[in-house]
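The values are calculated or read from the model by the stated rules, or taken from the named source; none is laboratory data. All figures in this text were calculated on a predicted structure; none of them were measured in a lab. Glycine gets a Cβ as well: all are built from the backbone with ideal geometry, and neighbour counts include every protein chain shown. Side chains are part of the model used for accessible areas, which takes the heavy atoms of the whole protein and leaves out ligands, DNA and RNA. Shrake-Rupley method; radii C 1.70, N 1.55, O 1.52, S 1.80 Å.
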Amino acid sequence: MTINLELSEKIETLIAQAHAAAEHVLRPISRKYDSAEHTYPVELDTLAELVAQANVAGAGYDRREAKEPAAAERAADGNSNGRNLASLGGLIEMCWGDVGLMLTMPRQGLGQAAIRAVATPEQLERFGGKWAAMAITEPEAGSDSAAIRTTAVLDGDEYVLNGEKIFVTSGDRAELLVVWATLDRSAGRGAIKSFVVERDNPGLKLDRLEHKLGIRASDTANFVLDNCRVPKGNLLGSPEITTAREGFAGVMQTFDNTRPMVAGMAVGVARAALERTRELLTEAGVEISYDRPLAVQSSAVAEFIRLEADWEAGRLLAYKAAWMADNRIPNTVAASIAKAKAARVATDVTLRCVALCGAVGYGEDELLEKWARDAKILDIFEGTQQIQQLVIARQLLGKASSELR
Ligand SMILES: Cc1cc2nc3c(=O)[nH]c(=O)nc-3n(C[C@H](O)[C@H](O)[C@H](O)COP(=O)(O)OP(=O)(O)OC[C@H]3O[C@@H](n4cnc5c(N)ncnc54)[C@H](O)[C@@H]3O)c2cc1C
């Protein structure tokens, strides 16, 4: 199938609305909540309501949708562009506004992607649309998510969870946490399942909130699960312990949904930096021309155009991965390529934009220095740069994780 990125009028309108929200709501409070870390941005409540209605965010494959999109949704060339591309376009705009604020938008947590990836229709009914954070990382399990130690033991009609979860984005503010735990540590990856835990569950104890380099508007919480009891029906998907590949594939599908979105966040913040740098260079009398050879233009122009080209590559890869998800084409490799490239581009572009603008770029009167701080996390969470490269290599070489680590 040939890639066709044409979007429906409805999706274009949603993306335009996301841009307007980013410009008029997020940008004006961007610096305020960067400085006031751990203060909840109340301005987001109204905006979140509008976003939820418009369904701008919320990527992933929803099992309530038919396996094949309805014929009416398909374009004449067979393309079906929908939820994932809409989410990507919306996220790019919102993160052009502010990545940290976007990450703490009520009801838009990455946990919903995890729910959509493995939940049953009944679970989607119960948990869909709620603000859900994703809790995978533990003190001894970051990049190697299969090494998690949090346990889930069935006791009557409940699972009892014990362990520790760290760096949970929106962990304190979300309504639900999707917690990864193992049913049997000796059974390996196939025993790892995700469980929905209500934030007000007494067994879920907030340990502390992190102080961070960037995305300070977003809360990052550490928890202890202390005999945390959840109903049996809160195990997402099937409780069966299957073979390693099959069992873990369900939870890993979450990343196929979320990585293109993180790539989109990177594309958004990098575009913000490029646009502001262009304005500042122009104000300083530097003319950026695409017609004249780079050799006869200033080095600042050559650098700027190279950054733009790199950004465009990241943007197209993010769109490709989201398009594949919309069209039900397995996108594990494309999702990792998109995230690896776009996140690297974002850290590179935002830092170089600071450099291109000199003292102005480094000062707090501009958001450039903030964007450089905010961008860094996009190359860390949802799998670091190195882990994306590992995933790509394993897939291309047909190697299991035990063979290539
Ligand atoms: C602000 C913030 C928000 C976060 N939000 C969430 C969240 O919502 N939910 C959640 O579950 N987690 C979250 N995380 C955790 C994040 O996903 C992890 O930090 C990340 O996966 C890396 O794990 P680690 O920190 O344990 O680093 P490690 O795994 O210890 O890695 C350290 C370094 O070694 C490299 N490395 C590791 N293994 C390999 C290898 N095999 N080959 C080559 N290099 C390797 C890594 O790339 C990295 O550079 C968040 C983290 C932060 C900082």
Worksheet item: So for the stretch 343-405, taking the charge dipole from beta-carbon charges (+1 Lys/Arg, -1 Asp/Glu), which of Gln385, Leu404, Leu367 sits furthest toward the positive end?
Response: Leu404
Response to the item:
Here the FRET efficiency for Glu240 versus Ala36, based on Cβ atoms and R0 = 60 Å and rounded to 0.05, is 0.80
Fill in: FRET efficiency estimate (nearest 0.05) - Cβ-Cβ, Thr46 to Glu122, R0 45 angstrom
0.90
Discussion item. If the elastic network links every pair of Cα atoms under 10 Å, which of Asp184, Asp144, Asp77 fluctuates the most in the Gaussian network model of the chain?
Written reply: Asp77
Fill in: Distance from the stretch 9-45 to the stretch 326-366 (C-alpha centre basis), Å
19 Å
Practice prompt. Would you tell me the accessible area of Phe248, worked out with a 1.4 angstrom probe on the heavy atoms of the protein chains, in Å² to the nearest 10?
Written response: 10 Å²
Worksheet item: How would Met105, Met324, Met1 rank on accessible area, largest to smallest, probe 1.4 Å?
Response: Met1, Met324, Met105
Worksheet item: In whole percent, how big is the carbon plus sulfur part of the accessible area of the stretch 334-405, probe 1.4 Å, protein atoms only?
Response: 56 percent
Fill in: Gain in span if fully extended, Ser186 to Asn162, counting 0.36 nm per residue against the direct Cα distance
7.0 nm
Discussion item. Give the lysines whose C-alpha is closer than 18 Å to that of Lys205, dropping any in the same chain fewer than 8 places away, or say none.
Written reply: Lys165
Worksheet, complete the sentence: Under the helix-only model (-39500 (n - 2.57) for each DSSP H run of 4 or more, divided by the residues of the chain), the mean residue ellipticity at 222 nm, to 500 deg cm²/dmol, is -15000 deg cm²/dmol
Worksheet item: Per residue, how much accessible area does the chain show when a 1.4 Å probe rolls over the protein heavy atoms, in square angstrom?
Response: 43 Å²
Worksheet item: In the Gaussian network model of the chain, springs joining C-alpha atoms below 10 Å, which of Thr282, Thr13, Thr104 carries the largest mean-square fluctuation?
Response: Thr282
Worksheet item: Per the Kirkwood formula on distinct C-alpha pairs, the Rh of the chain is how many angstrom?
Response: 21.8 Å
Fill in: Among Tyr319, Gln108, Ala141 - extreme Cα towards positive end, dipole of the chain, charges at beta-carbon
Ala141
Discussion item. Whole angstrom only: what separates the Cα centroid of the stretch 90-164 from the Cα centroid of the stretch 254-271?
Written reply: 16 Å
Worksheet item: Treating the beta-carbon of each Lys and Arg as +1 and of each Asp and Glu as -1, no other charges, what is the dipole magnitude of the chain about its Cα centre, to the nearest 20 debye?
Response: 920 debye
Response to the item:
Once the in-chain neighbours fewer than 8 apart are removed, the aspartates and glutamates whose Cα is under 14 Å from Lys376 read Asp98, Asp348
Fill in: Lys/Arg +1, Asp/Glu -1 at C-beta; the stretch 80-161 dipole; positive extreme among Thr150, Asn81, Val99
Asn81
